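See below for the structure under consideration.
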Amino acid sequence: MPAKFKISYFDIKGRGELPRLVFALAGKEFEDERLSGDKWTAFKLKTPYGQMPILTVDDNTMINQTGAIIRHLAREFGLYGSNNMENTKCDIIIETVFDLFSAVIKQYLEKDEAKKEELGKKFSTDVLPQFFTYLCKLLKENGGKCLVGSKLTVADMAAFDMIDRLTSNPKMGEGVYKDFAEVKKFYESVKTNANVQKYLERRPASDL
């Protein structure tokens, strides 16, 4: 019998969207449980560390931490590299994306408007160009279609997820990668992958 999967998270993208995208790329069914209020309060007591996302496998095994979840799914569905070095390259990209995500969250949560503006300026002029330059380099070295190996992996979905969030931000939009043609081409290619496109067409709208 194939394994049964459930992703539990809030009704936003947040840290739960990347696992959903990995399921989408793999073309695998999963229960997309979105919790809030009392339901989250009750569920929190059952989690390993009091946080989400949670991947529940076969109704009895809970896996927490986004990085652990997506790596488990990548191994399960053959979405890592084809050898140990490619796996490591995937991990490097994933960790780089997580660093960028932390920078986004830091800016979002900053209450001091002056500091928030300063963080936003640094993100736009330093952090984001460095990230896109890095992606362009990887794409050029790897033929342009994917970041590692010869097929889409969990690393591509991590990068896609971040780019997708940036382009859907009203303050940025598609102009965010206007100086990085390789990134634009990569993003549009992943977006039109049949499995990914099917998921994007039905997912709830969310800016977060």
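Quick one: net charge of K137's neighbours, Cβ under 13 Å, K/R +1, D/E -1?
0
The chymotrypsin sites (Phe, Trp or Tyr not before Pro) of segment 1-74 meeting both criteria, a DSSP state outside H, G, I, E and B (loop) and at most 12 other C-beta atoms within 10 angstrom of the site's C-beta, are Y49.
Could you calculate, for segment 125-208, the ratio of the Cα radius of gyration to the Kirkwood radius, expressed as Rg to Rh? Write out the running numbers ahead of the final one.
Working: Rg = 12.7 Å, Rh = 13.3 Å.
Checking Rg against Rh, the ratio lands at 0.95.
Calculate the FRET efficiency for L200 and K6 from the Cβ-Cβ distance with a Förster distance of 22 Å, rounded to the nearest 0.05. The partial results should precede the final answer.
Working: r = 20 Å, r/R0 = 0.93.
Step by step, r from the Cβ atoms, then E = 0.60.
How much accessible area per residue does the chain have, in Å², with a 1.4 Å probe?
Spelled out: the 1.4 Å probe surface of the chain, per residue, equals 56 Å².
In the calculated pair distance distribution of segment 1-88, what percentage of Cα-Cα distances lie above 17 Å? Show your work: numbers first, answer last.
Details: 1797 of 3828 pairs.
That fraction is 47 percent.
Shown here for segment 1-57: trypsin sites (Lys or Arg not before Pro) in loop regions (DSSP other than H, G, I, E, B) with at most 16 other Cβ atoms within 10 Å, namely K4, K28, K46. Radius of gyration (Cα atoms) of segment 169-208, expressed as a multiple of 2.2 N^0.38 Å: 1.32. When only alpha carbons of the chain are considered, Rg and Dmax amount to 17.2, 56 Å.
Give the Debye-formula value of log10 I(q)/I(0) at each listed q (0.15, 0.21, 0.22 Å⁻¹), with one equal scatterer per alpha carbon of segment 67-180, two decimals each. Treating every Cα as an identical point scatterer, log10 I(q)/I(0) equals -0.70, -1.17, -1.24. Along its three principal directions, the equivalent ellipsoid of segment 79-143 from the Cα gyration tensor extends over semi-axes of 30, 14, 6 Å, largest first. For segment 133-186, the list of trypsin sites (Lys or Arg not before Pro) that fall in a loop by DSSP and count at most 15 other C-beta atoms within 10 angstrom reads K145, K151, K171, K178. Summed over qualifying helices (DSSP H, 4 residues or more, each -39500 (n - 2.57)) and divided by its residue number, the chain shows a 222 nm mean residue ellipticity of -17500 deg cm²/dmol. Using a probe radius of 1.4 angstrom, the carbon and sulfur fraction of the accessible surface of the chain is 51%.
The values are calculated or read from the model by the stated rules, or taken from the named source; none is laboratory data. The shown structure was predicted, so the numbers you read here are calculated from the model rather than taken from an experiment. Glycine also receives a Cβ, built like all others from the backbone with ideal geometry; neighbour counts cover every protein chain displayed. Quick note on the areas: whole protein, heavy atoms, side chains included, nothing else; ligands and nucleic acids left out. Shrake-Rupley method; radii C 1.70, N 1.55, O 1.52, S 1.80 Å.
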